[in-house]
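Student: So that we are looking at the same thing, I have put the structure below in structure tokens.
The values are calculated or read from the model by the stated rules, or taken from the named source; none is laboratory data. Because the structure is predicted, anything quoted here is derived from the model rather than measured. In this analysis, Cβ positions are derived from the backbone assuming ideal geometry, glycine residues included, and neighbour counts consider all displayed protein chains.
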Amino acid sequence: MMTLKRLIVICLICTLGACGDSPSSRWLKYCKGSQTECKCMADSLTKKIEKKDFIALLDQIEQLDKNGKNIGDAIFKEGLVNKDVSMAFLQSAKACKEMDKSESKGKVKEEAVAAPAVVSAPAPVEAPVVSPAVNAPDQELSSINGLWYSPQWKYGYELKNGVGVATSSNSPKFAPGDIILRLKPVMFGEFEGEQMYKDGKFYKVNVSLTADGRLYFEGEKNVKWHMDKVK
């Protein structure tokens with residue numbers, strides 16, 4: 001007959017994940033990115049957070065997925081497990097995405113060098129005109145919908161599905177009601193697009209949703225700033 005002490009030890013081991021897949025293995029089964037990106041994330045998170053936090057992170061992500069919710073909402077509203085884990089997740093996701101992009105570019109260059117020269121091409125066939133399909137707003141973009149304001153630069157906008165319409169201005173080049181921001185999702189909590197500067201011209205920007213619920217911008221001309229959510 002199994003003793004109570006032995007039973008407690010077995011239960012404890014199972015709770016820590018020893019009776020099932022390791023956190024890294026579970027992540028690789030769930031992860032929806034490329035193989036390189038997913039493995040990079042598994043390695044990075046294993047080093048940056050404790051095993052119990054990694055298990056809790058996986059449990060939360062899988063539950064969100066089961067309920068039809070997205071990770072962007074979780075980061076914005078309550079964070080993933082806690083702020084430290086949420087920040088580690090965002091940092092790892094960004095670094096691994098960049099590494100995957102670099103590797104992909106390298107493969108494209110190698111294939112281009114190895115490919116034979118094109119001798120001739122068939123005459124182009126005119127494609128029939130098809131009306132574009134209307135896609136539902138991207139969930140990652142909808143997770144950052146709302147009113148945003150910059151205490152540093154004294155301007156704001158309402159962001160809806162990636163389009164920012166000015167609500168206050170710090171320049172004679174744009175006024176409330178003008179579109180001054182366009183974004184598209186890149187990955188979990190990461191976006192890219194274009195932002196109008198004070199000179200009235202659009203410049204490329206990369207945007208990250210931080211663990212404390214703000215948007216961090218890195219734009220052309222080495223300009224960096226935060227936007228705070230007002231509503």
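Student: Would you be able to tell me the number of residues in segment 136-179 that are loosely packed, with under 14 Cβ neighbours inside 10 Å, out of contact with any strand residue (DSSP E or B) (no Cβ under 7 Å at 6 or more places or on another chain) and not hydrophobic (A, V, I, L, M, F, W, C)?
Tutor: 4
Student: With respect to I55, is the statement that it is out of contact with any helix residue (DSSP H, G or I) (no Cβ under 6 Å at 6 or more places or on another chain), over 18 Å from A211 (Cα atoms) and either modelled with pLDDT of 65 or more or of a type outside the set (D, E, K, R) (or both) true?
Tutor: For I55, the condition - out of contact with any helix residue (DSSP H, G or I) (no Cβ under 6 Å at 6 or more places or on another chain), over 18 Å from A211 (Cα atoms) and either modelled with pLDDT of 65 or more or of a type outside the set (D, E, K, R) (or both) - is not met.
Student: Taking strands (runs of 3 or more DSSP E) that do not extend beyond segment 154-207, which have at least 1 residues that are in contact (Cβ under 8 Å) with a residue 40 or more places away in the chain and touching a Lys or Arg at 6+ places or on another chain (Cβ under 9 Å)?
Tutor: Passing ranges, in order: 179-187, 190-196.
Student: Oh, and also: Could you please give the count of residues in segment 184-195 that are modelled with pLDDT of 95 or more and hydrophobic (A, V, I, L, M, F, W, C)?
Tutor: 0
Student: Kindly provide the set of residues from segment 188-218 that are at positive phi and surrounded by fewer than 18 Cβ atoms within 10 Å (Cβ to Cβ), ordered by number.
Tutor: If the condition is that a residue be at positive phi and surrounded by fewer than 18 Cβ atoms within 10 Å (Cβ to Cβ), then G200, G213 are the ones that fit.
Student: For segment 28-52, name all the residues that are closer than 12 Å to A88 by Cβ and part of a helix (DSSP H, G or I).
Tutor: Passing the criteria: M41, S44, L45, T46, K47, K48.
Student: Ok, one more. Restricting attention to segment 1-47, which residues are of a type in the set (D, E, K, R), at pLDDT below 55 and under 30 Å from M99 (Cα atoms)?
Tutor: Scanning segment 1-47 gives no hits.
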